[in-house]
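Comments concern the structure below.
What follows draws every value from the coordinates through simple rules; no lab data is involved. From a predicted model like this one, the values you see are computed outputs, not experimental measurements. Please note: Cβ atoms are built from the backbone with ideal geometry, for glycine as well, and neighbour counts cover all protein chains shown.
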Amino acid sequence: MESIVFGYARVSTRDQNLDRQVIRLREYGITERNIIVDKESGKNFDRPGYQALISTMLRRGDTIVVTSLDRLGRDKEGIKLEMQRLKQDGIRLRILDIPTTMMDFPPGQEWVFEMVNNVLIEVLGTIAQQERLTTRRRQQEGIAAARTRGAHLGRPKVARPTNWDDTIRAWREGKITAVKAMELTGVKRSSFYRMAKVEDTFGGK
């Protein structure tokens with residue numbers, strides 16, 4: 001059976017664009033039907049597109065092409081284990097941004113290929129992992145700084161209407177319906193019941 005070259009492209013979130021990666025893979029000569037994509041985090045390999053690729057499409061002798069190492073994954077140890085598994089299954093990995101992975105060595109000199117690539121992938125994998133850890137640390141620091149400044153994180157709080165106390169009292173006493181109370185206070189249904197629940201919990205007026 002003739003070997004097949006598959007392309008794999010990945011971005012971390014659904015609002016990111018895959019076009020640049022797909023264009024590079026097509027320029028390499030991969031047909032679009034053989035380009036598998038994911039919009040998932042690279043922290044592990046449990047992604048629908050990638051799992052479909054390795055479990056149902058790839059055969060011994062096939063090749064996977066990615067534009068850069070961090071598109072395959074972002075955890076160094078995970079990348080190393082995955083590459084070992086691909087090698088054991090007879091699958092070749094080519095990385096467009098690592099020229100040595102694109103080279104074909106004469107029979108008997110494959111060890112040079114593996115030695116050079118292992119060093120490069122070790123270094124780049126460490127960098128990718130460090131970038132992920134740095135991004136996470138900066139996010140945590142940003143959240144902590146915002147809280148220190150007193151910034152509210154998450155859904156904006158609904159302002160308490162000036163007629164809230166009188167209206168909510170009338171509603172609790174059965175003098176008006178909840179719909180009427182919402183109309184009088186100008187508070188939407190979900191916010192109305194949430195605010196009322198807070199008062200029940202913490203003892204509102």
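Model label sites at Glu183 and Asn44, defined 7 Å from Cα along the beta-carbon direction, differ in position by 5.3 nm. Here the spin labels are modelled as points 7 Å beyond Cα on the Cα-Cβ line, and at Glu32 and Ala144 they lie 4.7 nm apart. Here the label points at Glu77 and Arg60, each 7 Å from Cα along the C-beta direction, are separated by 3.1 nm in the simple model.
Quote the FRET efficiency, to the nearest 0.05, computed for Arg94 versus Ser190 with a Förster distance R0 of 45 Å and r equal to the Cβ-Cβ distance. If you can, show how the numbers build up before the last one.
Working: r = 52 Å, r/R0 = 1.15.
Efficiency at R0 = 45 Å is approximately 0.30.
Between region 180-194 and region 66-82, the C-alpha centres lie 51 angstrom from each other.
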